[in-house]
Amino acid sequence: MKSSFAGIVLAGGESRRYGTPKALEEIEGRPFYKIALEILQPLVDHIVMVAHPSLQSSIDEQEGVTVILDDPEFRGQGPLAGIYSGMNAYEATNYLVLACDMPLMKQQVFHQLVSLHFLLKNDCSIVPVTRNRLQPLAALYPAAVKPVLFDLLISEKRRLTDLLQRVECAYISYDSPEMTRCFRNINTPADYKGMFD
C-alpha cells in the first residue's frame, strides 16, 4: 500500500502559562499556527489543525486545512487527545505531528523524518531526540498507533511517554545548537523573549 501523509498541527488550548493563546502569537507578522502549517504543507496531502474552541474564530480558513476540536470523548485531555482526534478526522497511513509552540522548527526536520520512514522496513513511529530529550510533538506516527492512543486515553494515561513505551519507535538525534534550537518550546512570555536573544 502506498504511503499517504497527513499533518496534525496541535494549536493548543487556553495557554494559561502564556497568558494569551500561543497559536496566535507572531514572529515577523506570522502567527505560530501559520508557521506550523507552512512547514508541513509541502510534505502532506492534508492538514488537520486541532484547536481549542476559543481559537476557532481567530484561525483563517485555508485550502487543504481542516480545523477541528478534540474528539468530544477526550476533550481537554492534552496532546494525546489532539493526535487521536487528528487521526480520526482524516485518514492517512502516516501522520506528521507538530505542536505550534515550536515556531523555530525547520522543515528540514520533517523531510528527514519522512526520508527515514522510507528507509525503515517496519512501520514505526519516528521521534526526534535533542540532547537525550525526546521530542514527541514534532514526530511521525503511523496510523497503527491510533488504537493505542484510544486505549491510553480510555485508561486516563495522558503522557506522551506512555505512548512511546507502547509502540515501536525509531529515534533520530539532533545535537548541534542550530538544530536543537528548532525544538525550543514557547511556554511563557520569557520563552518568547528568549527566542530573540
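The values are calculated or read from the model by the stated rules, or taken from the named source; none is laboratory data. Computed from a predicted structure; not experimentally measured. Cβ coordinates were reconstructed from backbone atoms using ideal geometry, including for glycine residues, and neighbour counts include every protein chain displayed.
Overview of results
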{"read-out": "Only one of Pro142, Pro103, Pro136 that is more than 28 Å from Pro53 (Cβ to Cβ), touching a residue at least 24 places away in the same chain (Cβ under 8 Å) and not hydrophobic (A, V, I, L, M, F, W, C)", "value": "Pro142"}
{"read-out": "Unique match (being in a helix (DSSP H, G or I), within 17 Å of the chain's Cα centre (by Cα) and either surrounded by fewer than 18 Cβ atoms within 10 Å (Cβ to Cβ) or at pLDDT 90 or above (or both)) among Leu104, Leu116, Leu152, Leu80", "value": "Leu80"}
{"read-out": "The stretch 158-186: number of residues that are under 18 Å from Val97 (Cβ atoms) and assigned to a loop (DSSP other than H, G, I, E, B)", "value": "8"}
{"read-out": "The stretch 50-65, residues that are assigned to a strand (DSSP E or B) and either over 19 Å from Phe110 (Cβ atoms) or in contact with a Ser or Thr (Cβ under 7 Å, 6 or more places away or on another chain) (or both)", "value": "Val50, Ala51"}
{"read-out": "Selected residue (criterion: surrounded by the fewest Cβ atoms within 10 Å (Cβ to Cβ)) from residues of the stretch 50-65 that are of a type in the set (A, V, I, L, M) and farther than 19 Å from Asn94 by Cα", "value": "Ile59"}
{"read-out": "The one condition in (1) surrounded by fewer than 19 Cβ atoms within 10 Å (Cβ to Cβ); (2) in contact (Cβ under 8 Å) with a residue 24 or more places away in the chain; (3) within 15 Å of the chain's Cα centre (by Cα) that Ile68 fails to fulfil", "value": "(2)"}
{"read-out": "Identity of the residue in the stretch 1-25, modelled with pLDDT under 90 and not in a loop (DSSP other than H, G, I, E, B), that ends up nearest to Ala144 (Cα to Cα)", "value": "Gly12"}
{"read-out": "Of all residues in the stretch 28-49 being in contact with a helix residue (DSSP H, G or I) (Cβ under 9 Å, 6 or more places away or on another chain) and loosely packed, with under 15 Cβ neighbours inside 10 Å, the one that is nearest to Tyr141 (Cα to Cα)", "value": "Pro42"}
{"read-out": "Single unsatisfied condition, Phe74 versus (1) surrounded by 13 or more Cβ atoms within 10 Å (Cβ to Cβ); (2) within 25 Å of Ser3 (Cα to Cα); (3) not charged (D, E, K, R)", "value": "(2)"}
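Table: residues versus (1) touching a Phe, Trp or Tyr at 6+ places or on another chain (Cβ under 7 Å); (2) loosely packed, with under 15 Cβ neighbours inside 10 Å.
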{"position": "Arg133", "(1), (2)": "no, yes"}
{"position": "Leu137", "(1), (2)": "no, no"}
{"position": "Arg159", "(1), (2)": "no, yes"}
{"position": "Val167", "(1), (2)": "no, no"}
{"position": "Pro189", "(1), (2)": "yes, yes"}
{"position": "Tyr192", "(1), (2)": "no, no"}
